[in-house]
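Following: one structure in structure tokens, then a few remarks.
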Amino acid sequence: MNFEFLQRNRIVPVIKLERVEDALPTLEALRAGGIRVAEITFRTACAVECIKVASKMDGMLVGAGTVINKEQCELALEAGAKFVVSPGLSEEAFEVCNKRNIPYLAGVVTPSEIIKAKSLGLDTLKFFPAEAYGGIRTIKALSAAFPDVSFVPTGGVDESNFVDYLKLKQVAAIGGSWLLKGDIKRNAQIAVERLNNL
């Protein structure tokens, strides 16, 4: 699975949309601020329609988040999702993505979960919920045992700490929802500026 897009776009906004009509304005604001990738979560009834609308937008790579089973994964891919993210490891979702050569980002927090993910050939993994499970200290500790694994911490990652995460060589990218609070375009601009100054 090719996760090169994470190296190019190290900040992945995690978007929960309650209305389909909010999809394009939200993504347009992110794009105007310099963000080129977004994860739309499966936490609302309109998620599939939002992905369908958003995936047609030029200059944005749109994926599906909070995918926990085969059915959701298939719906997301049919809607146009270019990558899939789970809060844990769903072997069903992995199998669907693997067959279609779609990047699948499984969530892990323990060594056993990492070993299971690696047995499937996954070495880029979501670390969730990051702050609740020790954040940077835990990633450093896990990386001692799994030096070939790249992490995408999400959960408690915000404007106060995302730069510290991105400074870690073990971190491919970060995911967060703070960009969606207030002025989305300005939040994105500030985040991109701070990223470029690393």
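The values are calculated or read from the model by the stated rules, or taken from the named source; none is laboratory data. The structure displayed is predicted, hence computed values, not measured ones. Glycine also receives a Cβ, built like all others from the backbone with ideal geometry; neighbour counts cover every protein chain displayed. Remember, those area values only see protein heavy atoms, side chains included, never the ligands or the DNA or RNA. Shrake-Rupley method; radii C 1.70, N 1.55, O 1.52, S 1.80 Å.
Taking the Cα centre of segment 51-189 as origin and charging only Cβ (+1 Lys, Arg; -1 Asp, Glu), how large is the dipole, in debye to the nearest 20?
On the way: 16 positive and 15 negative charges, 56 e Å.
Roughly 280 debye for segment 51-189.
Think of a 1.4 Å ball rolled over the protein heavy atoms: the chain then has 46 Å² of accessible area per residue. When both segment 1-45 and segment 55-126 are represented by their alpha-carbon centers, they are found 15 Å apart.
Of the accessible area of the chain, with the probe set at 1.4 angstrom, what percent is carbon plus sulfur?
Details: 4380 of 9110 Å².
The nonpolar share, carbon plus sulfur, comes to 48 percent.
Pairs of lysines in the chain whose Cα atoms sit within less than 17 Å of one another amount to 16, provided the residues are eight or more positions apart or on different chains. By a 1.4 Å probe calculation restricted to protein chains, residue 119 has an accessible surface near 80 Å², given to the nearest 10.
Rolled with a 1.4 Å probe across the full set of protein chains, the surface gives residue 194 an accessible area near 90 Å².
Taking all protein chains together, 22, 58 sort by accessible area into 58, 22, largest first [probe 1.4 Å].
Sorted by accessible area with a 1.4 angstrom probe, largest first, how do 126, 169 fall?
Details: 126 15, 169 180 Å².
Largest accessible area first, the list is 169, 126.
To the nearest 10, the accessible area of residue 105 is 10 Å² with a 1.4 Å probe.
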